[in-house]
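Reviewing the structure listed below.
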């Protein structure tokens, strides 16, 4: 459940402790962080959770609302069976907080809420078991759970509560960290481990202490999985922040002991389907537990298509139990590879950025042996190709191409892989022609023949080729490059518009293939002349760790317009941007601007909390940055030369200790053009 204060103004007190979540317990994670030293083999060997647990948890979609009840839980179990999710591997139907009454009975026993669960938990477990599924339940390693109503926690009641869970037929226990009275985490979690073991019932044990005490270093013989971060939220910035913290912990994961970067948000509505595919792809390549967090009774077909992609699920559930590791990461272009039991590699080409990116690696770089050629399987398109060794794609903004690559003697049975790419910025001023160049590249060992390419835009746009669009044959590594002129009509409103780049070609066997890359063109206003406040200018894009980016006020809470005056070190500023790490705000500067200036720091609305770092990027280069700033520091001046840049990006990172309380101000932020 939500055990931390959703990056709001107050912090929940954890017993006598006042320290908030530190992400991965102080672990600083650069973009391509090196793996942590591998731990000793775990001692917990009970045959449970040999692959990452898969199932459902209600918290992300219902929290403590009345709709969380017996009818919902049974309905989810029905859907698992009816929609084929059970066949895909989803097994656990888990209850989160608020299932119990606020007080124990006279014998000190937990009492299910009769309004939510009129037939009790055992009846629900029996129903779930009759479907061939398993039931999970929630409690906290403290005197109360994390909900503000304060339901009974298990601290001091471990053996009694574990016995109740076993008698009800519970198969999975999630053990949270609130109201822990300052008792050592290892002691609290080990006690519940022993209590569960004493019941004699096989129960998967999920340690939810938020990564505060680096459980990956000590919990392999305590639980089957452990949370590595704070709670996920249903937005891109939250998912991305958690991903970056979990990736370096790969050496600690394996059969029966898994890193847990929190539940899935797929289908809850805060991200696009492209972003949800990335979320699901990256959790799968990290061998993370796959616990659905959306209400499947209301889910779209697109959500089911993501969750039920059995080829992606197979990456997560591979019995070798390896977590994927970072091969490369630069400029928001990530390559993550996972060794599979059959000797293949799952490879994620992940695009963190807000524009389409060319992302590339090689079979050798991801750990495959030398071979004449390889089979490359696209796990979202469900198509196979051959490659001479290059593993490459143009990946849409916030997208992921997930592949499985084999050193396969039968590679010639597949057509050559072809990559489509587009050079040049798809930023268009209305009425002014923009020049773009497309590239169709043969990655395969066999030639691509009778190649043609087209680019189309909105109906009233002028899109035309200014060089050749066909090639009789493309040998390995060769490209067909085509120049294009793209013009939006005068008066076209600013915003995003779809472009479609399509290539057609034939394999050596004469089979026709089509490859399409959806692209986005943005109609932008010309940059202003003179000096302008960035809080008053339109931006290209904005992502924020909590709530929206605010203009000329602080970040405030989760709603738009709820900020306060920008205040750093007691000094109030009238103009600027209020953000929350991780944050990025992009502006179109059209190669016409010179400098960005701002006074930056942690906003006073968070009291003594918050640590952040500021960066200014000009196109793909970092041109200015601060060190880590705290609330105790006054505003720091920051100036960047952005001469010649098409796009300027203002970035705030979390300072390496998680994003809790990280309200940051770009005070007096100005752009001179």
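Let me check against my output: what whole-number percent is the relative contact order of the chain, with C-alpha pairs under 8 Å and at least 6 apart?
Details: 1826 pairs, mean separation 70.6, N = 673.
Computed value for the chain: 10 percent relative contact order.
Test of understanding: what is the full-extension gain from residue 198 to residue 342, defined as 0.36 nm times their sequence separation minus their Cα-Cα distance? Provide the component values of the computation, followed by the final result.
Numbers: separation 144, 0.36 × 144 = 51.84 nm, distance 3.74 nm.
Fully extending the segment from residue 198 to residue 342 adds 48.1 nm.
Would you list 633, 192 from fewest to most Cβ contacts within 10 Å? Mind showing how you got there, number by number?
Details: 633 16, 192 24.
Ranking 633, 192 by Cβ neighbours within 10 Å, fewest first, gives 633, 192.
Here Cα extents along the principal axes in Å was computed from the coordinates, and among [x] 84, 80, 63; [y] 89, 55, 43; [z] 83, 68, 44 the match is [z]. Once the Cβ-Cβ distance between residue 272 and residue 111 is put in as r, and R0 is 51 Å, what FRET efficiency do you end up with, to the nearest 0.05? With R0 = 51 Å, the Cβ-Cβ based efficiency is 0.75. Centre-to-centre, using Cα atoms only, the range 79-142 and the range 161-229 are separated by 17 Å. Spatial offset of the range 241-298 relative to the range 309-327 amounts to 12 Å, using the alpha carbon center of each.
When the square roots of the Cα gyration tensor eigenvalues are ordered a ≥ b ≥ c, the ratio a/c for the range 527-595 is 1.5 or more and a/b does not exceed b/c, which makes its shape oblate.
Can you give the extra length, in nm with one decimal, that the chain gains between residue 217 and residue 83 once fully stretched, where that is 0.36 nm per residue apart less the Cα-Cα distance?
Working: separation 134, 0.36 × 134 = 48.24 nm, distance 3.84 nm.
In short, 44.4 nm is gained.
Counting neighbouring beta carbons within 10 Å and listing from fewest to most, the residues 171, 657, 423 come out as 423, 657, 171.
Per residue, the average separation of C-alpha pairs within less than 8 Å and at least 6 apart gives the range 573-669 a relative contact order of 49 percent. Compared with the dominant Cα axis of the chain, that is its longest principal axis, helix 158-168 is turned about 80°. Axis angle, to the nearest 10 degrees, between helix 185-198 and the longest C-alpha principal axis of the chain: 60 degrees. Between helix 70-82 and the chain there is an angle of about 50 degrees, using the helix long axis and the longest principal axis of the Cα atoms.
At a Förster distance of 41 Å, what's the computed FRET efficiency of residue 187 paired with residue 298, Cβ-Cβ distance as r, to 0.05? Rounded to the nearest 0.05, the efficiency is 0.50. Just how far, in whole angstrom, is the range 590-616 from the range 515-580 if you go by their alpha carbon centroids? The two parts, judged by their Cα centres, are 11 Å apart.
Would you please give the FRET efficiency between residue 149 and residue 496, computed as 1/(1 + (r/R0)^6) with r the Cβ-Cβ distance and R0 = 41 Å, to the nearest 0.05? Before the final figure, lay out the partial values.
Details: r = 43 Å, r/R0 = 1.05.
Once the sixth-power term is evaluated, E becomes 0.45.
Please order 304, 56, 280 by the number of other Cβ within 10 Å, starting at the fewest. Don't skip to the end; give the middle numbers.
Working: 304 17, 56 29, 280 24.
In increasing order of surrounding Cβ atoms, one gets 304, 280, 56.
Dividing the convex hull volume of the alpha carbon atoms of the range 467-550 by its residue count gives 213 Å³ per residue.
Before rounding to the nearest 500, sum -39500 (n - 2.57) across all DSSP H runs of length at least 4 in the chain and divide by the residue total; then give [θ] at 222 nm in deg cm²/dmol.
Numbers: 10 runs with 95 residues, N = 673.
Per the formula, -4000 deg cm²/dmol.
Coordinate-derived values only; no laboratory data. What you see is a predicted model; the values in this text were computed from it and never measured. With ideal geometry, Cβ positions are generated from the backbone for all residues, glycine too; neighbour counts draw on all protein chains shown.
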